[in-house]
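Enquirer: One structure coming up, written as structure tokens, with questions to follow.
The values are calculated or read from the model by the stated rules, or taken from the named source; none is laboratory data. Computed from a predicted structure; not experimentally measured. Virtual Cβ from ideal backbone geometry, glycine too; neighbours counted across all protein chains shown.
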Amino acid sequence: MMLAVATRDCWHCGVMTHMAPYGGAYIVPLDGGTIQQVWCPFRCDNCNGLSIAMGRRLSSQPAARIGPTAWLDQVAEPKWLPVHASGKDFPDVPEHISQAASEAYA
């Protein structure tokens, strides 16, 4: 099953791709444990680069009882780290040259 939240532009290769869960999730309690940050590593299906998705939840919510990765799939817009792809934009040249230059820049 493909997770809905796990399709994004990879920061490493710049391709819109599926990000597969990679390893377990980490839960960081905040505000005395009433709020939880859920951090989950994901791997790019295209280049194997790693990204991390993070969401917040109340520890008392029923959704908090399901697995963290499954819960993260229900988050409307998790925060992804790194935020942007590496490289540089070259808007004044043809697309194929721009892509090669951006890749070389990274």
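Enquirer: So how many residues does region 16-26 have that are among the hydrophobic types (A, V, I, L, M, F, W, C) and surrounded by fewer than 15 Cβ atoms within 10 Å (Cβ to Cβ)?
Expert: 2
Enquirer: Of all residues being assigned to a loop (DSSP other than H, G, I, E, B) and either in contact with a strand residue (DSSP E or B) (Cβ under 7 Å, 6 or more places away or on another chain) or at pLDDT 80 or above (or both) in region 51-82, which is farthest from Thr34 (Cα to Cα)? Just the residue, please.
Expert: Pro82
Enquirer: Follow-up question, since we're still on this one. Here's a check for you: in region 85-106, which residue that is in a helix (DSSP H, G or I) and not aliphatic (A, V, I, L, M) is modelled with the lowest pLDDT?
Expert: Looking at the filtered set, the residue picked out is Tyr105.
Enquirer: Being at pLDDT 80 or above and in a loop (DSSP other than H, G, I, E, B) is the filter here; which residues of region 1-23 pass it?
Expert: Result: Cys10, Trp11, His12, Cys13, Gly14, Val15, Tyr22, Gly23.
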